[in-house]
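Trainee: Once you've had a glance at the structure underneath, I'll fire off some questions.
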Amino acid sequence: MEKVYILDTTLRDGAQSPLISFTPQEKLEMAKALESLKVDVIDCGYPALNKDEREAVQLIAAEIKGPVLSVLSKCDIKELETAIEALKDCNKRRIHLYAPTSEVQLTYLAGLSKEEQLERVLHSIDIAKRENFEVELTLEDSFRAEKSYLFLLAEKATERGVDIINVSDTVGIAIPSMVRELVSEIKEVVKGDVIISIHCHDDLGMATANTIAALEAGARQAHLTIAGVGTRAGNASLEEVAVALKIHGEKLGLSSDIDLKNLYKTARIFSKITGYNIPPHKAIIGDSAFAHKVEYMQLAVVREAKTFELINPEEIGYPKTRIILSRYSGKIMFKNKVEELGYQLDEDKLEMAYLKFKELTEKKREIYDDDIIAIIEDVLLTKPKKVTLKSYFIKTGSDEEPEATVTLLVEDGERKATSTGDGPVDAAFKAIDEAIGMSGRLLDYRINSVTSGKDALGEVFLRVKFKGKEFTGRAIATDIIRASIEAYLNAVNKAL
């Protein structure tokens, strides 16, 4: 079977969604998860965009050694130099050039004639190849461009040594038959070892179908994102394409190296880092993807899962069991459960996770897999802190103004502050602001129940602006006020 190369663009195209944001350190954590998922290429970002993008690329380049690392650049000398500099010390490196090709984008986006665009493309390829980079060229807005111009760009780029030609449905206008036709035609133009790639947006809800159509027509690389996140309606979903290749691979003669058992875990890590709530009905990784409500379906699945399940949930990493741990479970049982769930923790992080688990058992009688996963991911995302919570006291009631007192541990000792607010959480946030001497503006605040029941772990995710920049914070606890305070401090530590 022929291999399909998977390029994950969650960190760049996915981050263009207004619902998604990463700090440089969070991009590194996500890149580690993508490396474990065994993607072939990680689209690290757009170094010319801003300082944070450059920092993120450099962090990823210093630690990620498995996949090819790719960075985006316009066909512009300054942008190209910035991109080259960002990956200069990386061995498996790629420059991803993009060039608007449709008349509307050439006129209103690039401000170039077709001839000027062609000249810039070829000159940029020459520069990147001289620096010993692999080069991918995206033909932006391919499905609204004149085919003759697309073919000319693809042909000339191939002659200059481009490694990958990426056909892009930039506005999500295509349907599968259009994709098959165009990819087949470009395949006739592009000769030699050049790989044809596909990049699909989901504006018509056809991104995954269009991606599979492109692979059927001869494309051998696919641009994908976790949960299909991306600008506007999103991109083609990595998990959907990966499972489709697993199920229909023999018929298609295609396969990928994606480690399917890590799909669910990677989606969870992505959700924890960004605060993005994966819809329950999301194909493959949604919490309802393998749920059955109708009684006759439930009975059928008990007899034979294949009656209504296209793949065994365990194959994509869904937890096998619901409840097995309690306050009587020791460290060995806890470690076995961690490994059963697909995680590897060093001794320090295992100890941190176990202590959090024991703390939780004092508040919950029954510990679910989702509880354990939440603890593990909380530990994995925990970084050294400049400010930590020592204690808090909340006074509130129906007939009095809420008041919060927080005591924080900082590098030079303790800081204590008291403030009032519209509610207990607002009062606590204002007390923290007063204690650290830095005011934040809350932009988003969400509470999710990690598990069911009155004693469920609550997860708080928030976005807050400090000094003109946005930061995310998250925390879990059975006490939602404590989780809110810890989440706010998580954002504070990123801002300091």
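Read-outs: derived from the displayed coordinates by stated rules, not from any lab. Just so it is clear, the structure is predicted and the values come from calculations on it, not from any experiment. All Cβ positions, glycine included, derive from the backbone under ideal geometry; neighbour counts span all protein chains shown.
Trainee: Can you work out D for the stretch 40-190 in µm² s⁻¹ from Stokes-Einstein, where Rh is the Kirkwood radius over C-alpha pairs, the temperature is 37 °C and the viscosity is 0.692 mPa s?
Mentor: 208
Trainee: With labels modelled as points extended 7 Å from the Cα through the Cβ direction, what inter-label distance (nm, one decimal) is found for Ala283 paired with Ser184?
Mentor: 2.2
Trainee: Given the DSSP H assignment, sum -39500 (n - 2.57) over each helix run of at least 4 residues in the chain and divide by its residue total; what's the result at 222 nm in deg cm²/dmol, nearest 500?
Mentor: Per the formula, -12500 deg cm²/dmol.
Trainee: Mind scanning Lys32/Lys364; Lys3/Lys27; Lys51/Lys272 and naming the pairs with a C-alpha gap bigger than 29 Å?
Mentor: The pairs that break the limit, which is 29 Å between Cα atoms, are Lys32/Lys364.
Trainee: Also: So how tilted is helix 176-189 from the main axis of the chain? Cα-based, degrees 0 to 90, rounded to 10.
Mentor: 50
Trainee: Out of all DSSP beta bridges in the chain, what portion is antiparallel? Express it as a percent rounded to 5.
Mentor: Details: 37 of 76 bridges.
Antiparallel: roughly 50 percent of the beta bridges in the chain.
Trainee: Sticking with this structure for a sec: Calculate, for Glu63 and Glu470, the FRET efficiency according to 1/(1 + (r/R0)^6) with r their C-beta to C-beta distance and R0 35 Å; round to the nearest 0.05.
Mentor: 0.90
Trainee: Lysine pairs, Cα distance under 28 Å, 8 or more residues apart or cross-chain: how many in the stretch 388-495?
Mentor: Taking the Cα cut-off of 28 Å, the pair count is 23.
Trainee: Hey, another quick one. What is the dipole size for the chain, taken about its Cα centre, with +1 at each Lys and Arg Cβ and -1 at each Asp and Glu Cβ, in debye to the nearest 20?
Mentor: 880
Trainee: Also: Helix 369-380 sits at what angle to the longest principal axis of the chain, using alpha carbons and giving 0 to 90 degrees rounded to 10?
Mentor: 80
Trainee: Volume per residue, Å³, of the convex hull around the alpha-carbon atoms of the stretch 182-267?
Mentor: Each residue corresponds to 102 Å³ of Cα convex hull volume.
Trainee: Arrange Glu315, Glu188 by Cβ neighbour counts within 10 Å, fewest through most, would you? Let's see the in-between values first.
Mentor: Working: Glu315 13, Glu188 10.
Final ranking by Cβ density, sparse to dense: Glu188, Glu315.
Trainee: Turning to a different aspect of this structure: Pairing the Cα long axis of helix 331-340 with the longest principal axis of the chain, what angle in degrees results, from 0 to 90 and rounded to the nearest 10?
Mentor: Between helix and principal axis, roughly 20 degrees.
Trainee: I need the shape label for the stretch 381-465. Rule: rounded when a/c is under 1.5, else prolate if a/b > b/c, else oblate, with a, b, c from the alpha carbon gyration tensor.
Mentor: Oblate, since a/c reaches 1.5 and b/c is not below a/b.
Trainee: Using Cβ contacts closer than 10 Å as the measure, can you line up Arg303, Arg268 from fewest to most?
Mentor: Final ranking by Cβ density, sparse to dense: Arg303, Arg268.
Trainee: In a solvent-free Debye calculation with one equal scatterer on each Cα, what is log10 I(q)/I(0) for the chain at q = 0.07 Å⁻¹, listed in the order of the q values?
Mentor: Summing over Cα pairs of the chain leads to -0.43.
Trainee: Also, I was wondering about something else. In whole Hz and in residue order, list the ³J(HN,Hα) couplings for the stretch 36-47 that follow from phi through the Karplus curve 6.51 cos²θ - 1.76 cosθ + 1.60, θ = phi - 60°; x for Gly and Pro.
Mentor: Residue by residue, the stretch 36-47 yields 5, 6, 6, 5, 7, 9, 10, 7, 6, x, 10, x Hz.
Trainee: Next question. What is the order of Arg327, Arg94, fewest Cβ neighbours within 10 Å to most?
Mentor: Exposure proxy ranking, most exposed first: Arg327, Arg94.
Trainee: Sticking with this structure for a sec: Give me D for the stretch 320-380 in µm² s⁻¹, whole number, from Stokes-Einstein with Rh from the Kirkwood sum over alpha-carbon pairs, 4 °C and 1.567 mPa s.
Mentor: 115
Trainee: Between the stretch 418-442 and the stretch 103-181, how far is it from one alpha carbon centroid to the other, in angstrom?
Mentor: Spelled out, the Cα-based centre of one part sits 51 Å from the other.
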